[in-house]
Structures are given as C-alpha cells and as structure tokens.
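Just below is one structure, and these are the notes that go with it.
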Amino acid sequence: MKKISNIKFLILLILMLVACDQPQQKEVIEGNWIQGTEKEKIKTIEKQFRGMDKAMIEIGYRYQELYWGGQDENWEYATYQLKKIRKALILGLQRRPNRAESATHFLEYVIPEVEKAIKTKSPKIFNDKFEMMRVNCTNCHAAGTIESYPTFTIQIPVDRQSPIRKE
C-alpha cells in the first residue's frame, strides 16, 4: 500500500514540475478586422464609435421612451430614460468635446428640470417640461447650421415604437 502511495506522490511531483517548467504565454487578444500598430488600432476603434451622431441616435430613441413613460405615468421608466439620455450625451461629448458649449444647457438646466417634473408625478407638469425639452432640442439643432449640419424640428412622438407599457 505504501509503495502505491509513493508512486502516486512521485507521479504528482513530476506532473507539477513539468507544469511549472512550461513557459508562460502572454495572452494576445486581437480582432480579425483591427489591423496595424496600437495607435492605428485605437484610431479604428474611435471611428467605430464615431461622434455625436451615434449618441443622438440613442438620445432620439430614449427621448421617445421618456415621452411614453410620462404619458403612461410610469415614472420609474421615465427616470431611467432621462438618466440614459444624460449618460449618452456625456459619452458623446467625450468623443466630440467641441459640442460641450451647446450641451451644457441640457446637462445643467433642461435635464434637471425634466427630472423635477418626473418627481412631481404630475402628467401636466411633465408634459410642460417635456415641451420645454423639445423646444430646446430644436433650438440646439437649429444652432447646428453654423457647423454645416442640417436643421430640423424635433416633434412630440406620435407612433409608439416600443412594446414597453406600465403594468
């Protein structure tokens, strides 16, 4: 019995020594489509995130969901959407800091006003502040003509795209 235990111990010891002798390989994580130097790869990734346009796609979607959350008096959902609008705007500004001047008004005034309206749980106050937000969105986009972006008017959502409803 003792011989078997010694053999098992010897085998285990040999396995441990062989495992320790293996060179540690550095894990290389590389995508198939990201090529070039580290600097070139970072540039490629930055292009994929793009600028404020990607943030505006998310903000536009969440703007609609915020509206419908208020219409349903689903205040938790409306709060969630407003937080995500703020986050998308901040992340967009990291990519396009030259937009900070126009976005500051939203971050410091418009979003906090809508937030206060949601806390009142009053559909009328919410709708008034949502209208204020809509007008400010339109004005901000109108100011974009200086930067050669098209101007357009932001509307109150009409068609509900999301299946989310208050229970």
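The values are calculated or read from the model by the stated rules, or taken from the named source; none is laboratory data. It should be emphasised that the depicted structure is a prediction, and the values quoted were computed from it without experimental measurement. For neighbour counting, all protein chains shown are included, and Cβ atoms are generated from backbone atoms with ideal geometry for every residue, glycine included. Heads up: the accessible areas ignore ligands, DNA and RNA and are worked out on the full protein's heavy atoms, side chains in. Shrake-Rupley method; radii C 1.70, N 1.55, O 1.52, S 1.80 Å.
Details
- Among the criteria (1) part of a helix (DSSP H, G or I); (2) closer than 20 Å to Glu58 by Cα, the one Pro150 does not fulfil is (1).
- Gln71 vs. criteria open to solvent by 40 Å² or more (accessible area, probe 1.4 Å), on the phi < 0 side of the Ramachandran plot and among the polar types (S, T, N, Q): yes
- Some residue of region 153-160 being closer than 16 Å to Ala55 by Cα and among the basic types (Lys, Arg): no
Each row is one residue, and each column tells you yes or no for (1) surrounded by 10 or more Cβ atoms within 10 Å (Cβ to Cβ); (2) more than 23 Å from Gln155 (Cα to Cα); (3) more than 19 Å from the chain's Cα centre (by Cα); (4) modelled with pLDDT under 95.
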| residue | (1), (2), (3), (4) |
| --- | --- |
| Met16 | yes, yes, yes, yes |
| Asp21 | no, yes, yes, yes |
| Ile29 | no, yes, yes, yes |
| Lys41 | yes, yes, yes, yes |
| Ala55 | yes, no, no, yes |
| Ala78 | yes, no, no, no |
| Leu82 | yes, no, no, no |
| Phe106 | yes, no, no, yes |
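- Residue list for region 99-136, filter: touching a Gly at 6+ places or on another chain (Cβ under 9 Å) and farther than 16 Å from Thr79 by Cα: Arg99, Ser102, Ala103
- In the set Ile59, Ile90, only one residue is closer than 16 Å to Pro157 by Cα and surrounded by 12 or more Cβ atoms within 10 Å (Cβ to Cβ); that residue is Ile59.
- Listed by first and then second residue, the pairs linking a residue in region 99-114 that is within 16 Å of Thr138 (Cβ to Cβ) to a residue that is open to solvent by 40 Å² or more (accessible area, probe 1.4 Å) and β-branched (Val, Ile, Thr), with Cβ atoms under 9 Å apart and 6 or more places separating them unless they lie on different chains, are Ala103/Ile90.
- Residues of region 57-76 classified as touching a residue at least 12 places away in the same chain (Cβ under 8 Å) and more than 15 Å from Phe130 (Cα to Cα), total: 1
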